Amino acid sequence: MREAFIHTKDLCYAYTDENGTRQPVLRGITLDIARGEYVAVLGHNGSGKSTFAKLLNMIIEPESGELVVAGKNLTSEELTEEDFYALRREVGMVFQNPDNQLVATIVEEDVAFGPENLGVPPKEIRARVDAALATVGMTEYARHEPHRLSGGQKQRVAIAGILVMEPTCIILDEATAMLDPAGRKEVIETVEALNREKGITVISITHHMNEAARAERVIVIDDGVVIMDGTPREVFSEPKKLMLAGLDVPQCTSLVHALRAEGVALDGDPVTAEECAELICRALEV
Amino acid sequence: MKNIAFGQYYPARSPLHTMDARMKVVLSVLYIVAAFLCKSAPAYAALLASAVVLLLLSRIPPRIVLRSLRPLFFIMIFTALLNLFFSGGTTVLFSFWRITVYVEGVYSAVFMLVRIVVLIFGTSIFLTYTTTPIELTDAIESLLSPLRILKLPVHEFAMMMSIALRFIPTLMEETSKIMNAQKARGVDFSSGGLIKRAKALVPILIPLIVSSFRRADELAMAMECRCYRGGKGRTKMTVPKLSVLDFVALAFMVAFGGTLLYLNGFRFGL
């Protein structure tokens, strides 16, 4: 196990609705996420997965339980405002709607927003912005207006806006939900490259099974608790349990399960289309 | 809807684009003053010529700048007609029925047209076409920064302005989406009297306002995630610096004002 980057124990969160009743969202999340891991968090709407993400960089505060991020105990009473900013610099977040997270009217000005807030000297901001735009492949759009970009491009700009603060972890809060398949692919490939090449911890909150299948580890949250936690292969091998959580397995996995139920001898649980095709080919050859 | 001309920056490489935005704000104020200094035909001719020179200097295609006149077309014609028919004078050009048109009226109509066109040209070339909105808000923030002594929230004001500018195209797009959605539900926007049409706007405005609040909430969260905490301790990627070019431009503007005053002395034709 690599060094733990995020550690939670019995993490709970609840909000009070208009009628004054307490609505629990998270009912005791216990997990560890290592530095450099690529984790997908799955769950249907209202399962608490987005709330979990928002706790990780202190947009909201936990009700009870332990929460340690990047070596800082976020439930301690001694946290100062500076600690919040240090944490948010380290744990960046990309949101669902690309339009609602871009602040400036020019791409590079928007990317510069974070380091400007941190008080980084101008020359260094310039260098960092150029590097971040190059990393997400948006250098040629540096002087463009964000509203003229495609959804995928906007999300890449948003990622650059996080990268420029040199984070160790990026959280994607359904960052691909509003994108078309091409845009989704752009964003996922960008994030995967960051995870692979820069060792940035990636936590992807999603309800796209095919996206989750590409992660190293899948955590399924249902009704505020973790119900499954393992490699995509392990998690998708239990379609019934997923179904109960209001989720589907990736199409190829459900195909294999259906074939097996019909008596076709297939072994293994493929999570990608290629693996699935290979498996069926092999079965046909026999 | 994506190509609205309001406040839209036109990227190009020109001396006007490279000038310090603060100087451009000062210059456009001076230019407006200059436009009101004009009193004689030669002065107006010089003013019109200066607008053409500005246009050439900015390297923006003329048709783009001309487009900015279109929304004000009605006001321009209206002002010209008012001046034509209602300014008194001594030399009668012609009269019919109860209307008398004086030569002075023709002059004042033409002058007024020139003044309006030049004002729009000048300010839009200086401010909106060659200056990005963010440069503009930064410039205003910088020019207003002395007011901080009076505890006025200058940074917050500039931030609000730049966010408003950023969201204009987004909200325009949203408006057209909502309009289409309401049209699909049978709302009729284009017929009926004034009151009926105004009422038809309610189903557009309410969803628009609701969604703006949602956007504002999300934006605030995204800004917090990017460590925004007001103007305190904030730096800028591009630090504006006054260059020789800016002072040359200022010298030209002052000289231009002087020339206009001088030309006011020549009053041929009037």
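Throughout, read-outs are computed from the coordinates displayed, never taken from laboratory work. All of these numbers come straight from a predicted model, not from anything done at the bench. Cβ placement follows ideal geometry from the backbone for every residue including glycine, while neighbour counts extend to all protein chains displayed.
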>> Checking understanding here: applying a Kyte-Doolittle mean of at least 1.6 and a length along the axis of at least 18 Å (C-alpha), which whole DSSP H helices in chain B pass?
In response: B:21-37, B:41-58, B:73-86, B:103-123, B:244-263
>> Along the Cα→Cβ direction, 7 angstrom out, place labels at A:L244 and B:F94. What is the inter-label distance in nm?
In response: 9.4 nm
> Using a basic spin-label model with each label point 7 Å from the Cα along Cα→Cβ, how many nm lie between B:S14 and A:E234?
Replying inline: 6.4 nm
> If you take the Cα atoms of the protein assembly as shown, find Rg, then find the Kirkwood Rh from the mean of 1/r over all pairs, what is Rg/Rh?
Replying inline: 1.10
>> If you take each beta carbon of peptide B:134-147 and count the beta carbons of other chains within 10 angstrom, what is the mean?
In response: 1
>> How large is the convex hull of the C-alpha atoms of the stretch B:97-256 per residue, in Å³?
In response: 247 Å³
> Cα centroid distance between the stretch B:192-254 and the stretch B:28-48, in Å?
Replying inline: 32 Å
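Whole number please: convex hull volume per residue, Cα atoms of the stretch B:1-98, in Å³.
153 Å³
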> Using the beta-carbon distance between B:A164 and A:A265 and R0 = 56 Å, what value does 1/(1 + (r/R0)^6) give for FRET efficiency, to the nearest 0.05?
Replying inline: 0.30
>> Tell me the mean residue ellipticity at 222 nm calculated for chain A from its helices only (DSSP H runs of n ≥ 4, each -39500 (n - 2.57), averaged over every residue, nearest 500).
In response: -12000 deg cm²/dmol
>> Restricting to DSSP loop positions (anything but H, G, I, E, B) with no more than 11 other Cβ atoms inside 10 Å of their own Cβ, which trypsin sites (Lys or Arg not before Pro) remain in the stretch B:136-168?
In response: B:K151
> What number, in nm² with one decimal, is the all-direction average of the projected area of the convex hull of the alpha-carbon atoms of chain B?
Replying inline: 20.6 nm²
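Mind checking A:110-119 for the average number of partner chain beta-carbons within 10 Å of each residue's beta-carbon?
So the per-residue partner count for this stretch is 6.
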> By how many degrees, 0 to 90 and rounded to 10, does the Cα axis of helix A:81-90 deviate from the longest principal axis of chain A?
Replying inline: 50 degrees
> In the neighborhood of A:V256, defined by Cβ-to-Cβ distances under 10 Å, what is the net charge if each Lys or Arg adds +1 and each Asp or Glu adds -1?
Replying inline: -2
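Take the cross-link list A:K9/A:K240; B:K24/B:K151; A:K154/B:K196; B:K177/B:K232; A:K49/A:K123 and give me the ones stretching past 31 Å between alpha-carbons.
Result: A:K154/B:K196; B:K177/B:K232; A:K49/A:K123 exceed 31 Å.
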> Just checking the protein assembly as shown: which Cys have no other cysteine's beta-carbon under 4.7 Å?
Replying inline: A:C12, A:C169, A:C281, B:C38, B:C225, B:C227
>> Bin width 5 Å, origin at 0, all Cα-Cα pairs of the stretch A:104-232: what percent of pairs per bin?
In response: 2, 10, 20, 21, 19, 13, 8, 5, 2, 0
> Tell me, what is the FRET efficiency for B:A198 and A:R148 to the nearest 0.05, using R0 = 51 angstrom and their Cβ-Cβ distance as r?
Replying inline: 0.95
>> Students often get this wrong: which residues of the stretch A:38-82 have the backbone nitrogen under 14 Å from the point 7 angstrom along Cα-to-C-beta of A:D10?
In response: A:63-67
> With a Cα-only, solvent-free Debye model of the stretch B:82-173, what are the log10 I(q)/I(0) values at q = 0.13, 0.14, 0.24 Å⁻¹?
Replying inline: -0.67, -0.70, -1.12
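What does the charge add up to near A:N97, with Lys and Arg as +1, Asp and Glu as -1, over the other residues with Cβ less than 12 Å from its Cβ?
Residues near A:N97 contribute -3 overall.
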>> Of all beta bridges DSSP finds with both residues in the stretch A:4-249, what is the antiparallel percent, to the nearest 5?
In response: 55 percent
> Going by alpha carbons, how many degrees (0 to 90, nearest 10) lie between the helix axis of A:107-118 and the longest principal axis of chain A?
Replying inline: 70 degrees
> Roughly how tilted is helix A:273-285, in degrees to the nearest 10 and between 0 and 90, from the longest Cα axis of chain A?
Replying inline: 20 degrees
>> Treating the stretch B:37-89 as a set of equal point scatterers at the Cα positions, no solvent, please give the Debye-formula log₁₀ I(q)/I(0) at q = 0.29 Å⁻¹.
In response: -1.04
> For the peptides B:70-82, A:207-219, A:148-160, A:131-143, what is the packing order when you average, over each peptide's residues, the other Cβ atoms within 10 Å and list the highest mean first?
Replying inline: A:148-160, A:207-219, A:131-143, B:70-82
> What's the percent breakdown of Cα-Cα distances in the stretch A:4-249 across 10 Å bins, shortest bin first?
Replying inline: 7, 31, 35, 21, 5, 0
> Counting Lys and Arg as +1 and Asp and Glu as -1, what is the net charge of the other residues whose Cβ lies under 11 Å from the Cβ of A:S76?
Replying inline: -3
